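Every read-out reported here was derived from the displayed coordinates using simple, explicitly stated rules and does not represent laboratory data. Just so it is clear, the model here is predicted, and its values are computed rather than measured. When we count neighbours, we look across all protein chains shown, and the Cβ atoms used for this are built from the backbone with ideal geometry, even at glycine.
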Amino acid sequence: MSLFGKRNHYFSLNDILASQERVPISFGTPVSYLGELDASSEGNALPAGTTLELSYWLVASLYQEDGVGIDLPKQYKQAWRDILAADAKVVNLQRLCKYFYEFGKLVSLIRIRDHQDIIELLIQTLVDRHRELTSWAVHSCKRDNEFLEKLEDIERELSKRATAAERDLSNWLQHDGGRIRKAELVNAHDRLVASTRAFT
Amino acid sequence: MWGDKAIELIKELERSTEIFPPFDDDKIRLILEECRVLNQFIEDAMNSTFHPETNNYLAGVKARTAALERNKRCLLAYQWNRLQMLRKMRWEFGSILPVEIKANMSEGEVAWFAKYSKALANYMKGIGGRNGLNLMLDMQPPKDLYIEVRCLKDFGKLELDTGEVFYLSQNSQHYMPRSQVENLVRQGVLEHINWS
């Protein structure tokens, strides 16, 4: 299962969650039968000049309608682009947007202004942050969770894999290869049963 | 909002990567009800006459179609990812699942699991000559034919292919053929000790 390939699978949970992130959308003309989208509006039509933040999948179905304009989500706007260009390493991407790269990729797919800049931003951000991420992941002695909390979804997956690879390598170097271990899900299940027993 | 229930369902599943969550019947029923309402609107719109000013339903229909597709995708993804987990469990727990996990399965999943087990068993019987080939063995290349194991729980009697009988009681240690006990180690009954 490749990290970047599989994620756009129809059944991919991460892809579904990334396309749930919100995009600002504005309606220049009244649109009938969409009153439900705005909780504060009355009647079944959206009045002209309404601005809403809707999920990406819904915006993707509407942005080509007449009078509909979309704006960049705030994390890809110039202000944040400048911050990320200055020093991407210190930004807490988890808090900014949990699916920063995936969602950015989706946003750049709809013809939004600056979409080329977004693509470059995503790549540059990952390149800037990657060095520290790898070094953190393979040095198991430096386990500070403060760093983990700054990572977004793909970065977490990357660091998890780097840690696992590092562990496998050190096991192999210690001639631990032939040992049969308890299976992963069995282990998780046993832990769960043990913890529920401790409660009751 | 449309699709909110569906995303809750997906989030629930995403949170539990290691444990198997209960099948959420209620939420699925609510999502299907939402789909019915969405579909009703589209059907009504299709039966009314289009007018660019007084009855312009294009955007409404487009948005609702997207919502229908979204709900469908979430429901299918929910079921598919659960089945992937069950399939992995078949390889790790064997054909009998613990009661705690069984309680969280839907009727359809129980039937699917039984069918999968059967198909897998038939396949393993069908390959590798007359005796079949057990794919569950030697997940990692073996170094010795015999291994030393310690019992982690009282398991009872275990009879080997040779007819030899072992009594596996907690904390007892045995020297046994690797091929016969690999599954028990993976299921957490035995622990592999003194490997080299």
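Summary of values
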{"read-out": "Peptide A:47-55 - average C-beta neighbours from other chains (10 Å radius)", "value": "1"}
{"read-out": "Cross-link reach list, aspartates and glutamates versus residue B:5, counting only Cα pairs under 19 Å and skipping chain neighbours closer than eight places", "value": "A:15, A:21, A:36, A:38, A:53, B:14, B:24, B:25, B:26, B:33, B:34, B:69"}
{"read-out": "Structure-based [θ]222 nm, chain B - -39500 (n - 2.57) summed over DSSP H runs of at least 4, per residue, nearest 500", "value": "-18000 deg cm²/dmol"}
{"read-out": "Gaussian network model of chain A, Cα within-10 Å springs - most flexible of A:152, A:132, A:21", "value": "A:132"}
{"read-out": "Inter-site label distance for residue A:113 and residue B:56 at 7 Å from Cα along Cβ, in nm", "value": "2.3"}
{"read-out": "For segment A:73-200: Kirkwood Rh in Å [reciprocal of mean 1/r, alpha carbons]", "value": "17.4"}
{"read-out": "Exercise: per-residue mean of other protein chain Cβ atoms within 10 Å, A:182-194", "value": "6"}
{"read-out": "Other-chain or far-sequence residues with amide H under 5 Å of residue B:146's (modelled H)", "value": "B:178"}
{"read-out": "Chain A: relative contact order as a whole-number percent, Cα under 8 Å and 6+ apart", "value": "16"}
{"read-out": "Mean shadow area of segment B:21-104, taken as a quarter of the surface of its Cα convex hull (nm²)", "value": "6.7"}
{"read-out": "P(r) of chain B over all Cα-Cα pairs, binned every 10 Å from zero, in whole percent", "value": "7, 23, 22, 18, 12, 9, 5, 3, 1"}
{"read-out": "Peptide B:185-194 - average C-beta neighbours from other chains (10 Å radius)", "value": "4"}
{"read-out": "Square roots of five times the Cα gyration tensor eigenvalues for the protein assembly as shown, Å", "value": "50, 29, 17"}
{"read-out": "Whole-Å distance, taken between Cα centres, linking segment B:143-196 and segment A:23-37", "value": "67"}
{"read-out": "Across A:77/A:98; A:150/B:27; B:11/B:115, pairs whose alpha-carbon gap is larger than 23 Å", "value": "A:150/B:27; B:11/B:115"}
{"read-out": "Average Cα contact separation per residue, chain B, under 8 Å, 6 or more apart, as relative contact order %", "value": "17"}
{"read-out": "Most to least packed among A:154-163, A:57-66 [average Cβ atoms within 10 Å]", "value": "A:57-66, A:154-163"}
{"read-out": "Semi-axes of the equivalent ellipsoid for segment A:1-106, Cα gyration tensor, largest first, Å", "value": "29, 19, 11"}
{"read-out": "Rg ratio (alpha-carbon, reference 2.2 N^0.38 Å) - segment A:22-72", "value": "1.01"}
{"read-out": "Zero-based 5 Å bins, Cα pair distances in segment B:1-66, whole percents", "value": "3, 15, 21, 16, 13, 10, 9, 6, 4, 2, 1"}
{"read-out": "Hydrodynamic radius by Kirkwood, which averages 1/r over all alpha carbon pairs of segment B:146-192, in angstrom", "value": "10.4"}
{"read-out": "Mean Cβ neighbour count within 10 Å, used as a protection proxy, ranking B:10-17, B:43-50 highest first", "value": "B:10-17, B:43-50"}
